[in-house]
Structures are given as structure tokens and as C-alpha cells.
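A quick write-up on the structure given underneath.
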Amino acid sequence: MRKSATKPAPRKPRSCSETLPPASKHGLADVLLEAHRSLLKLVLEKGLEVFGRMLEEDRTQLCGPKNKPQEDRQAYRHGHDEGQVVLGGRKIRLRKPRVRSLAGEELELPHWREASQGDPLSERVIDQMLVGVSTRNYARSLEEGPEGVETSATSRSTVSRQFVARTRTQVEKFLSRSLGELDLPVILLDGTGMGDHVLVVALGIDAKGGKHVLGVTEGSTESEQVCGGLLRQLVDRGLVVERARLFVLDGGKGLRKAVREVFGPWALIQRCQVHKLRNVAEHLPQNKRAWVRAAINRAWAQATVEKARGKLRELASQLEEQYPSAAGSILEGLDETLTVITLGVGAALSKTLRTTNPIENLQGTLKRVSRNVKRWRGGSMAVRWAVSGLLEAQKKFRRVKGFREMPQFIAALEATIQCESLDSKTKIA
């Protein structure tokens, strides 16, 4: 009897990585990188070719077709000269076609004038610096230049000068733009350090929940003079004073006094609850901080101001005997930590307006873009870097969480301001 042939076991399909040769597995990233560089190099080379044709077209329009006599000719070709244009973040030396009038005057080619007047190098420099490229490594971060073309002006000092010039212009434009068209029921103020300098940043939230960086000022502390100067600048640029507005502050006395001085009865103040928790915790030993934070958060989670205030005062009385400084910190500015609860804001928007976290996120961007700075040469340098970082952060802004609750919040805010104004008038009478 013949034995039946056994069927071979089905072969397990190999994965894509197994089908690649060993060298391909490890070199795929290098291949892709090299392809990227080759593509960029090709783009630069083709860009130069196209630019050269555009210059020749300019010369033909001025001088007419080459080697064809013209009775009404107004200019003639006059060889070539060397000039510089910017391409791919580098200054590139090129042969520049020359044209002269019949009177012997040099005529400028329109496309060359346009390329010379624009300064794409400064645009490239500022983009590279803001993503973390240092001045020392700027030249290495650029694509390889076209073969046979001389490149220049990518030295460390040149890059630094370009960055300073461009950011100085940005600062002037940023700090002088009009704010008159913005309806801002909420403004957040907070300070951050850059070297020995303190930068106070103002961030506005409009009636639709959009965020707007309003301004920044530099000083040694968050003093009333520094913060008041920033607020008065905002008013001079068109920020309306006579508008019910909530100010969210980190708790500094200078900020609070400045807001009261400039905006008076039109301002409600919400103390940042995160800063308040930090301040209280500083007066407690490590083993007491967790339960005190939990107790404060439970108080702030109450549905009414009366219940929240009662919980906080009860906690302060419990701490008074052993930790009087912590108890005093809880009671200091207590009502201003409850302002958002008073307004009856929805849960999502309330979470946004109880803290200065939106500005804290901005400060994270400032730290990131300036991490390569080793030495701060004065306040103007700190402001330039701050404005550059703020503009970079602003590109990714989204509306705040809970923005759909803004109409309800604005109505409650205006009603509260009106009631307080009537109460103050009654007391005076």
C-alpha cells in the first residue's frame, strides 16, 4: 500500500521588514534623509535657473530681442556683473545681467530690484532661531547650496545681526498695534523671568473665547509702576476702560493695585487658585500639604460662594494654632479666589478662568524659544525674545475651553459690575 504524501505546512508570510535586505533595514532613514536633501538641492538649483531666465526676460523687455536691430531702442546690453540675492536662507553670489540707457546710465532690472529689496534671509533666520537653532549652528541647518555657486553671510555674527534687526521691528509693530476693535471681557496678567528681568504679559480673551496677546513689559519685579505702565499702554492703544471686565491675576499686590488704579469700578478680580495653593503650601511642612490642598479644592468645588467661604474659614481655624501663617494665607484675598463662583460660570469656562494657566502655557513657549540664550544683554533683548516667542505661540492659539458659555458669563459679569456700582453710589449718598 502506497503511503500518502504529507502536505507541507503552510509558510508563514514574512513581514515587510523581513523582506528587506539587512542594509535596507538600518539605512532606510538615511535614504529618506538623503532624498529630502537631494530634493531641496534640486529646488534651489531650479530656482536659480528660473531666476536667471526672469532676469534675461527683463533685459529683453528693456533692450529688445538680442542681435535684432531696432530703431526705437532705448537701452542696450552691457555684459554682466556680480550681485547677491537670498535663496534658501543663504546669500548667493550670481552673475547679474547689466543694462545701460543710450545716455550711459545703469538701468536696474525689475526682478533683481524686487529680490534685493526683500529680505527673506531675516525671515529664515528668525524661523530657525525660534525652533531652537543657535546662531553658531545656523549655517549647518541650511540645505546644501547649488554646486558651483558661491554662498556667504551665514556666519554667527551675521545671523545674530539679522535676528536682532528683525525682532526689533517685530517689537515695534507688536507694541503699537491698535486694540480698539477687540471686545475683551477677560484679561489675564502674569509675570515670568528671563535672566534678571521680569516680563509681565497681558493676555485677552474676547467675547467668542478667542485669545489675544495684548502686550508685554519688562521690569525687575511685578511692581505697581511696571504693571500700571503696561495697562496704561493698552488703554493708549485703544483698550476700552468703560467695560465690565474680569482680571485674572497671580496674586501679586502690584498687579492688583495697578488694575484698580487704571480700571477702577469696571474691574472684577479673580485670584489665580493655583498660585494661592502654592502660597499656602509654602507655610506648611511636607506631610501636611496634600490634605490641605485637598480641603481647599473641596471648598472651591462648592456650588455657592457661602458654602465655599465657610469651608475655607473652617480650614483656616483648624490651622490657626499650629500654622498661623498658612491660615493667614488662606484668609488673605479669600473672596477674590471665589469671584468666578459668584458669577455662576459653567464648569468648563470656570476651570479656565480660575487660574492664569493660559499665560503659563505662553511662558512655556518663551522658555523653549529662548533656551539657547546664555547671556541676557539688557531688558530690550529680553523683550525682543519675549515678543518673538509670544508671536510664535499665537500661531497655535485655540479658543478657550468653555467658550460656548461666554454669553452667560458676560451677562453675569455686567450685572455684577452694575450692582456694585449702584451699591457704591448708595453708600456715598
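The values are calculated or read from the model by the stated rules, or taken from the named source; none is laboratory data. Quantities reported herein were computed from a predicted structural model and do not represent experimental measurements. Neighbour counts run over all protein chains shown; Cβ positions are idealised from the backbone, glycine included.
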Name the residues in the range 264-289 that are more than 15 Å from Ile359 (Cβ to Cβ), part of a helix (DSSP H, G or I) and not basic (Lys, Arg), would you? Gly264, Pro265, Trp266, Leu277, Asn279, Val280, Ala281, Gln286, Asn287
State whether the residues of the range 334-345 include one that is at pLDDT 90 or above, at positive phi and of a type outside the set (Lys, Arg). no
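Could you list, in sequence order, all residues of the range 243-263 that are farther than 17 Å from Lys351 by Cα and part of a strand (DSSP E or B)? Outline the logic, then answer.
Start the filter on the range 243-263 by keeping residues that are farther than 17 Å from Lys351 by Cα, which leaves 243-245, 251-263.
Correct list: Arg245 only.
Going by the conditions given, is Val240 of a type in the set (A, V, I, L, M) and part of a helix (DSSP H, G or I)?
Against the criterion (of a type in the set (A, V, I, L, M) and part of a helix (DSSP H, G or I)), Val240 does not qualify.
Return the only residue of Asp190, Asp196 being in contact (Cβ under 8 Å) with a residue 24 or more places away in the chain, charged (D, E, K, R), surrounded by fewer than 21 Cβ atoms within 10 Å (Cβ to Cβ) and closer than 22 Å to Gly378 by Cα. I'd like the intermediate steps shown before the answer.
Values: Asp190 fails: surrounded by fewer than 21 Cβ atoms within 10 Å (Cβ to Cβ).
Among Asp190, Asp196, only Asp196 is in contact (Cβ under 8 Å) with a residue 24 or more places away in the chain, charged (D, E, K, R), surrounded by fewer than 21 Cβ atoms within 10 Å (Cβ to Cβ) and closer than 22 Å to Gly378 by Cα.
Quick check on the range 220-236. Is at least one of its residues among the basic types (Lys, Arg) and buried (at least 20 other Cβ atoms within 10 Å of the Cβ)? Can you show your working first?
Taking the range 220-236 and keeping what is among the basic types (Lys, Arg), we get 232.
Now restrict to residues that are buried (at least 20 other Cβ atoms within 10 Å of the Cβ): none.
No.
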